[in-house]
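Here the structure comes first, spelled out in structure tokens, and everything after it is commentary.
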Amino acid sequence: MKKISRITTQKKSKSRYNIYLVEGDRDTYGFSVDEAVLIEHNLRKGLELDEATMETLKRKDTLQKAYTLAVNFLSYRMRTIKEMNDYLVKKEVDEEHIDPIIDKLIKEGYLNDKEFAKAFVQTRLNTSHKGPQLVKRELIEKGVASGIATEAVGMYTYEQQFEKAEKWVEKKIRSSKKDSFKKQSQQLQSNLMQKGFTQDVIQDVLQSFQEAKDDHTEWDALVYQGEKLVRKHERKYSSFELKSKVKEGLYRKGFSMENIKRFVEEYVEDGRD
């Protein structure tokens, strides 16, 4: 048995205490504990400890330090159970301590995948142009169960999706006016799918885009692309071949054959044949 001779607060951490033990006619440092362990076991000057008790105190302190580490990890933002598990593994916390820590955090309400999913979706709704399918994938990647993720993204209404998709499309169109409407539409559809919007929203937004189609802008885009093709091929091909190359190139870019013929007639001069 060893008797506690004194207890001091650590200089760098006021919540940790150094335990000194009587060794002959002097006291020596024995071990340190967290404040929670100190209070739980009512550690005080004069208390006698056997080896088994001291080992128990050390194990509990190791567990408490890991628990404090986990709580600190949660202080920055909410975490999923998987994120917490991965973090504790990364920090080399004893495997036997990880499950008890996570169980304690769940019971205390610090870890809750349902609440995490709701908060995550609300943040995405407020701050991003992402659709529900992409947000669901993000949740699953963070370890949220598929059923919980599905329930959470149900917060997205059709109106919210449409508004986000429409704003994103409007922004995208402004930066791609030199492409045909057909090509823009194909790119927009692909991008909206990647951003996780549902098919009904994508179809309705693209329909709205088609209805707002500006023929003048489409013609300007065709002229821009057509002149590039002319400059590319005019030194290599005769008039007939040049016209064919330009027609082929513009058709691949999604322009209508009617406008392509008009461009060739107006912009491609007859040359050597």
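Just a few scattered comments:
- Lysines whose Cα lies under 29 Å from that of LYS14, excluding same-chain neighbours fewer than 8 positions away: LYS2, LYS3, LYS45, LYS58, LYS60, LYS65, LYS90, LYS91, LYS104, LYS107
- Of LYS130/LYS171; LYS171/LYS261; LYS171/LYS228, pairs whose Cα-Cα distance is over 20 Å: LYS171/LYS261; LYS171/LYS228
- When the chymotrypsin sites (Phe, Trp or Tyr not before Pro) in region 69-173 are filtered for DSSP coil states and for at most 12 other beta-carbon atoms within 10 Å of their beta-carbon, the remaining sites are TYR76.
- Charge dipole (debye, nearest 20) of region 216-267; +1 at Cβ of Lys and Arg, -1 at Cβ of Asp and Glu: 320
- Packing-based exposure ordering (other Cβ within 10 Å, fewest first) of ASP204, ASP50: ASP50, ASP204
- ³J(HN,Hα), Karplus 6.51/-1.76/1.60, whole Hz, each residue of region 96-104, x for Gly, Pro: 5, 8, 5, 4, x, 5, 5, 4, 5
- With contacts taken as Cα pairs under 8 Å and at least 6 residues apart, the chain reaches a relative contact order of 11 percent.
- Shown here for region 58-133: GluC sites (Glu not before Pro) in loop regions (DSSP other than H, G, I, E, B) with at most 13 other Cβ atoms within 10 Å, namely GLU92, GLU108.
- Dipole of the chain [Lys/Arg +1, Asp/Glu -1 at C-beta], most positive-end residue of LEU242, THR198, ASN259: LEU242
- Candidate aspartates and glutamates for bridging to LYS114, where Cα separation is under 16 Å - those fewer than 8 sequence places away on the same chain excluded: GLU83, ASP103, GLU138, GLU141, GLU151
- ³J(HN,Hα), Karplus 6.51/-1.76/1.60, whole Hz, each residue of region 262-267, x for Gly, Pro: 4, 4, 4, 5, 8, 10
- Considering only GLU23, GLU35, GLU151, the Gaussian network model of the chain with Cα springs below 10 Å gives its largest mean-square fluctuation to GLU23.
- Taken one residue at a time, the phi angles of region 49-61 give Karplus couplings (6.51, -1.76, 1.60, θ = phi - 60°) of 10, 8, 4, 5, 5, 5, 5, 5, 4, 5, 5, 5, 5 Hz. Gly and Pro are set to x.
- Sum of -39500 (n - 2.57) over DSSP H runs of 4+, divided by residues of the chain (222 nm, nearest 500): -20500 deg cm²/dmol
- Cut-off 9 Å between beta-carbons: net charge of the residues surrounding LYS195, Lys and Arg +1, Asp and Glu -1: +2
- Summing +1 for each Lys or Arg and -1 for each Asp or Glu among the other residues whose beta-carbon sits under 12 angstrom from that of THR62 gives -2.
- Comparing LYS253, LYS236, LYS82 in a Gaussian network model of the chain (Cα springs below 10 Å), the most mobile by mean-square fluctuation is LYS236.
Quick note: the coordinates plus some simple rules give every number you see, no bench work behind them. What you are looking at is a predicted structure, and each value in this text was computed from that prediction instead of being measured. Every residue, glycine as well, gets a Cβ built from its backbone with ideal geometry; the counts of neighbours run over all protein chains shown.
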